[in-house]
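In what follows, a single structure is set out as structure tokens and then discussed.
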Amino acid sequence: MPTLRTPAQLCDLELAPPARRAALEAVAARYAVALPPTLAALIDRQDPRDPIARQFVPDAAELNHKPEELSDPIGDDAHSPVAGIVHRYPDRVLLKLTHVCAVYCRFCFRREMVGPDKPNALAPAALAAALDYIRSRSEIWEVILTGGDPLVLSARRLRAVMKILGQINHVKVVRIHTRVPIADPARITPDLVRAMKIKGRPTYVVVHVNHARELTPNARVACAALADAGIPLLAQSVLLAGVNDTPEVLGELMRALVECRIKPYYLHHGDLAPGTAHLRTDIETGQHVMRSLRGRLSGLCQPTYVLDIPGGHGKSPIGPNYFERNGANGGEHVVIEDFNGRRHHYPPVSA
Ligand code: SF4
């Protein structure tokens, strides 16, 4: 089965309700659609709230835009000194090599920027200017390849970029953010894995996964190929209503990741991307889920719950908080809550 790219294909295969086809055509005219066979095969057609379908099959609710939603919700544009670069934090930059992805997530925070009808990749002159920018700023310690999905590029093109980054002395770390090991695991070939590596410097890979079912046997093989090649693996997930917003579902995902040698890194609160309100939770839900994980799961399974502050102000952890300072007039003390919800003075108050 090829990658499904139209509502007609999705309706024909009963992955979307035919009665909604007209509305879904309107969604697809605005936001890119791609459902690769690996993910299509995971969808339970009998379940109207299937967590895989909710993430990847377009929904008429995407046409409902809220006043608070933003076309550039995390403020990439405000920090883009040259095409393809986002320089928000002092010691690292994003390098966006392509606007294409293997799958288009319905909650994507860059949904106004990604898709096959967007400029496909940085043209050679723009890529050279982006690499010149990195070369000219000695404070750039880490380069984060993102997009779009950098692993949709050929091994030849990726190798060429990695080679140049490897020649810039102050770039000590390269990080690749990708959904390809999940969406199209067959792309993780030995040649592509070799292309991701730079002699003497680490390449980290951050895999985007939101539900344990995405870790199919083939996805696990792809991730193992990266880990076996010495590439440290991290995961980022997005908290999504009806997908993973319960302690049980999120906990199962975090454990499955660690079993695959993938360290959970970030749990993102849903960004204010246009037409995604039906997939966002409130922050209290996220804090409740995180508090439940802290009590039940190994420390290896704990991501940091973060919010990307709209306007380009960066990420901040959003709890839950276990610390409180009480009292006044010299009687101030600290109260710490343990994983069972019991509260303790620190230092302990003597009897
Ligand atoms: S893979 Fe990443 S960039 Fe591409 S649609 Fe999904 S969230 Fe957006």
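The values are calculated or read from the model by the stated rules, or taken from the named source; none is laboratory data. Since the structure is predicted, the reported quantities are computational estimates derived from the model, not experimental observations. Every residue, glycine as well, gets a Cβ built from its backbone with ideal geometry; the counts of neighbours run over all protein chains shown. The accessibility values were calculated without ligands, DNA or RNA, using every heavy atom of the protein model including side chains. Shrake-Rupley method; radii C 1.70, N 1.55, O 1.52, S 1.80 Å.
Points to keep in mind about this one:
- Applying the condition of being over 16 Å from the mean Cα position of the chain (by Cα) and charged (D, E, K, R) to segment 82-106 and asking which residue is farthest from the ligand (Cβ to nearest atom) yields Asp91.
- Residues that are assigned to a loop (DSSP other than H, G, I, E, B) and within 15 Å of the ligand (Cβ to nearest atom) within segment 112-122 comprise Glu112, Met113, Val114, Gly115, Pro116, Asp117, Lys118, Pro119, Asn120, listed in sequence order.
- The C-beta contact set for segment 1-17 (first residue charged (D, E, K, R), second residue open to solvent by 70 Å² or more (accessible area, probe 1.4 Å), distance under 9 angstrom, 6+ apart or interchain) comprises Arg5/Pro116; Asp12/Pro18; Glu14/Arg45.
- One residue from Gly230, Gly242 being modelled with pLDDT of 95 or more, open to solvent by 40 Å² or more (accessible area, probe 1.4 Å) and in a loop (DSSP other than H, G, I, E, B): Gly230
- Selection from segment 295-320 of residues that are more than 30 Å from His79 (Cα to Cα) and free of Cβ contacts under 8 Å to residues at least 40 places away in the same chain: Gly299
- Among the residues examined, Ile309 does not qualify as in contact with a His (Cβ under 6 Å, 6 or more places away or on another chain) and either open to solvent by 50 Å² or more (accessible area, probe 1.4 Å) or among the hydroxyl-bearing types (Ser, Thr, Tyr) (or both).
- Condition check for Pro247: under 20 Å from the mean Cα position of the chain (by Cα), away from the ligand (no atom under 16 Å from the Cβ) and touching a residue at least 12 places away in the same chain (Cβ under 8 Å): yes
- Verdict on Asp132 being more than 12 Å from the ligand (Cβ to nearest atom), of a type in the set (Asp, Glu) and assigned to a helix (DSSP H, G or I): yes
- Checking Asp44, Asp72 one by one, the residue that is open to solvent by less than 80 Å² (accessible area, probe 1.4 Å), among the charged types (D, E, K, R), part of a loop (DSSP other than H, G, I, E, B) and at pLDDT 95 or above is Asp44 and no other.
- Test set (1) open to solvent by less than 50 Å² (accessible area, probe 1.4 Å); (2) in contact with a His (Cβ under 9 Å, 6 or more places away or on another chain); (3) within 16 Å of the ligand (Cβ to nearest atom); (4) of a type in the set (Phe, Trp, Tyr) - Phe109 fails condition number: (1)
- Scanning segment 53-69 for residues that are of a type outside the set (Gly, Ala, Ser), surrounded by fewer than 21 Cβ atoms within 10 Å (Cβ to Cβ) and in a helix (DSSP H, G or I) returns a single hit, Leu63.
- Within this structure, Val152 passes the test of being open to solvent by 20 Å² or more (accessible area, probe 1.4 Å), within 13 Å of the ligand (Cβ to nearest atom) and either touching a residue at least 12 places away in the same chain (Cβ under 8 Å) or closer than 26 Å to Ala235 by Cβ (or both).
- Any hit, segment 268-279, residues being open to solvent by 30 Å² or more (accessible area, probe 1.4 Å), more than 16 Å from the ligand (Cβ to nearest atom) and at pLDDT 95 or above: yes
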